[in-house]
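Taking it in order: structure first as structure tokens, then the write-up.
None of the figures in this text is laboratory data; all of them are computed from the coordinates on show. Predicted model only: the values in this text are computed from it and were never measured. Cβ sites come from the backbone with ideal geometry, for glycine too, and all protein chains shown count toward neighbours.
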2 protein chains.
Amino acid sequence: MIIDCHGHYTTAPPQLTEFRERQTASLGDMARRRSLSMAPISDDEIRESLEGAQLRLQRERGIDLTLFSPRAVAMGHHLGDAEASLAWTRICNDLVHRVCTLYPSNFAPVCQLPQSPGVAPANCIGELRRCVEELGFVGCNLNPDPSGGWWKDPPLTDRWWYPLYEVLAELDVPAMIHVSGSCNPNFHATGAHYINGDTTAFMQLLTSDLFRDFPTLKFVIPHGGGAVPYHWGRYRGLAQDMKRPPVEQLMKNVFFDTCVYHLPGVELLTKVVPMDSILFASEMVGAVRGIDPCTGHHYDDTRRYVDALAHLGEAERRMIYEGNARRVYGRLDRWPTVE
Amino acid sequence: MIIDCHGHYTTAPPQLTEFRERQTASLGDMARRRSLSMAPISDDEIRESLEGAQLRLQRERGIDLTLFSPRAVAMGHHLGDAEASLAWTRICNDLVHRVCTLYPSNFAPVCQLPQSPGVAPANCIGELRRCVEELGFVGCNLNPDPSGGWWKDPPLTDRWWYPLYEVLAELDVPAMIHVSGSCNPNFHATGAHYINGDTTAFMQLLTSDLFRDFPTLKFVIPHGGGAVPYHWGRYRGLAQDMKRPPVEQLMKNVFFDTCVYHLPGVELLTKVVPMDSILFASEMVGAVRGIDPCTGHHYDDTRRYVDALAHLGEAERRMIYEGNARRVYGRLDRWPTVE
């Protein structure tokens, strides 16, 4: 079985974006805001949005199950206040849940959280519990920078985040650390802010004792761990100079996905990072949609890179494709169709 | 000849830091600030600061010449105003110049710029000209985030920076894009802010036509180009999706150094990035000072990694060690002892 731990609903029907536009246009008008609702989306519209995209690519690439969450760049936690964030988040999560209920053997749901800059993460607990306990979600996305490129909230290792971590640990739900869009003109979203967010989060974790306080908490750092594997020697050396535990110890709680869009990158990742800390993912349909003229295949067809790795044995490939994901996403086997 | 294009004076005598501490403690008292001067540093003190450190390591590692600039993390452009930045910058540059004059065959000078958040980069032209035209500096360090982790100034591709670029082009001086310290608690300086700065700058350049306006301008992105080579497929794909020129074209004006502290990283860098865009560097004595227990050698002894690359021919190794640096740093052959 091949599990892709990182997919977003980037192809949702236009009613979703249209609702968000109306919502953000009426942020100052509380009465109007609260009266807004999304125009209905039919099951057929959902099917159409997926059949020619994620479902076709799953079939073509031989991917069995995608852990599916709302579109990351559209989470936009920096837009409006916590109430607007919650309204938007519920709509996005409910839509993802419908997708996963329509195609339970293709998708398992991962939720967005109703974060808002300057608002305590404890405020997300209600929606997290609703998604996990009532709807069967198996994971969540956690934005380390709800301010959208201004990095105004405390680091992930600050006690500010602890109430949320307590519930994640209680529910046995991992968080993928994933920023959203950037409203800072310095940071291109998918080309800089995403990768920086990954690198930044890793270094926050490296310099803290968070996992002493939460020994079972699990974080997935997407996009191949940002810059970290490429600079593995730097991080090993920094940990050593700072008298921190070896980075390998951190990798008991931290996992990198394989969203690295060329073979040499995936090769490096799997050569330096412990094998039980790597989860297969492609983020399709996502940031990079083209075909690489050097290979004739999509850049984000990451299965080809993992399949091509000569230094992996069959057991290791199975860990990356399935075993590690099942271990990290402890609730996956409660999702109806996953045994 | 082996040229290390990236070294900072991290071992300067304590008078330098002591001056800076007095300066930052008196930022609000203009009269006192202007009366401050650094306690004298003797030539012997400079020699002592280098003999057991950079000079010993140069000998041990067989590095002939280091392009030497003030300590990057201490540039601290976010501290105080433009006048304080200029006073501090002049002292740092003058000290680096003394180092290079004492050891002209070991070091060639690269200057810090008196940047200040919110102040037009044109304000740096006077100090740049002084360093290059009067003192023989061969390059400069350019901070893409003078606000120190808050990223408040315009992107490097904004016209805000153009007057400075005009002078860089006129003087044929490359800029190494190098952030300084971070006062944003989210960003560890050497573990996150440095690498993020590199990645961010690359993506700014990828999405702009800066080098159409300045065809001869050259930027060195340090720390192996941040996350870029590891995500080379992502950047190639993003450029393609955005109908930008191929990233290989950008690499006519952009260069990555080899400050990547393990063999697999340097291997990746030299396999994906065009060979004439890679400059040897170690950044010693810098961010990572320990010995890798897996190899028994310093993490930052990057020459070992380049020497170990089986896929490089002798001609390619010469480009990385010397030829590319001479091409990028056009003024290097005017430095007294470099032929």
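Helices in chain A, meaning DSSP H runs of at least 4 residues, each add -39500 (n - 2.57). Divided by all residues, the mean residue ellipticity at 222 nm is -10500 deg cm²/dmol. Counting neighbouring Cβ atoms within 10 Å and putting the fewest first, the residues B:Tyr230, A:Tyr235 line up as A:Tyr235, B:Tyr230. Less than 5 angstrom separates the built amide H of B:Phe68 from those of B:Ala108, B:Val110, all sequence-distant by 5 or more or on a different chain.
Springs join every pair of Cα atoms under 10 Å in this Gaussian network model of chain B, and among B:Ala12, B:Ala25, B:Ala287 the largest mean-square fluctuation is at B:Ala25. Positive contributions from Lys and Arg (+1) and negative ones from Asp and Glu (-1), summed over other residues with Cβ under 13 Å from the Cβ of B:Ser116, come out at -4.
Here the protein assembly as shown is assigned +1 on the Cβ of each Lys and Arg and -1 on the Cβ of each Asp and Glu. Its dipole about the Cα centre then comes out at about 300 debye.
Copy-to-copy label distances for B:Ala31, where each label lies 7 Å from Cα along Cα-to-Cβ, are 6.2 nm in order of increasing length.
Of all beta bridges that DSSP places with both ends in chain B, some 10 percent have antiparallel geometry.
Think of the protein assembly as shown as a dipole: +1 on every Lys or Arg Cβ, -1 on every Asp or Glu Cβ, centred on the Cα centre; then among B:Gly136, B:Gly265, A:Ala239, B:Gly136 lies furthest on the positive end.
Would you mind counting up the charge near A:Arg130? Only other residues with Cβ under 11 Å from its Cβ, with Lys and Arg at +1 and Asp and Glu at -1. Overall, the nearby charge balance is -2. Listed from fewest to most Cβ neighbours within 10 Å, the set B:Val260, A:Val306, B:Val96 follows the order A:Val306, B:Val96, B:Val260.
Each Lys or Arg adds one and each Asp or Glu subtracts one; over the other residues with Cβ under 13 Å from the Cβ of A:Arg20, this totals +2.
I'd like to verify something in chain B: which complete DSSP H helices, judged by Cα projection on the helix axis, reach 15 Å or more and average at least -1.0 on the Kyte-Doolittle scale? Span-like helices here: B:82-102, B:194-206. Going by neighbour counts of Cβ atoms within 10 Å, the residues A:Thr200, B:Thr10 line up, fewest first, as B:Thr10, A:Thr200.
What share of the DSSP beta bridges in the protein assembly as shown is antiparallel, in percent to the nearest 5?
Values: 4 of 44 bridges.
Around 10 percent antiparallel, to the nearest 5.
The charge dipole of chain B, taken about its Cα centre with unit charges on the Cβ of Lys, Arg, Asp and Glu (plus for the first two, minus for the last two), comes to roughly 420 debye. Inter-copy label distances for B:Gly62: 4.6 nm (label point placed 7 Å from Cα along Cα→Cβ; shortest first). Converting phi to 3J(HN,Hα) with the Karplus coefficients 6.51, -1.76 and 1.60 and the offset θ = phi - 60°, region B:219-226 yields 10, 9, 9, x, 6, x, x, x Hz in sequence order, with x at every glycine or proline. With semi-axes defined as the square roots of five times the eigenvalues of the C-alpha gyration tensor, the equivalent ellipsoid of region A:111-199 measures 24, 14, 11 Å, largest first. What separates the B:Pro293 label point from its copies, with the point 7 Å along Cα to Cβ, is 4.9 nm, written shortest first.
Excluding the site residues themselves, the longest part of chain B lacking any trypsin sites (Lys or Arg not before Pro) in a DSSP loop with at most 16 other Cβ atoms within 10 Å is B:1-151. Using a Gaussian network model of chain B in which every pair of alpha carbons under 10 angstrom is joined by a spring, one finds that among B:Phe19, B:Phe137, B:Phe107 the greatest mean-square fluctuation is at B:Phe19. Projecting each Cα onto the charge dipole of the protein assembly as shown (Lys/Arg +1, Asp/Glu -1 at the beta carbon, about the Cα centre), which of A:Phe214, A:Ile63, A:Ala325 comes out farthest on the positive side? Farthest along the dipole direction, towards plus: A:Phe214.
The stretch between B:Ala310 and B:Lys252, if pulled fully straight at 0.36 nm per residue, gains 18.4 nm over its current Cα-Cα span.
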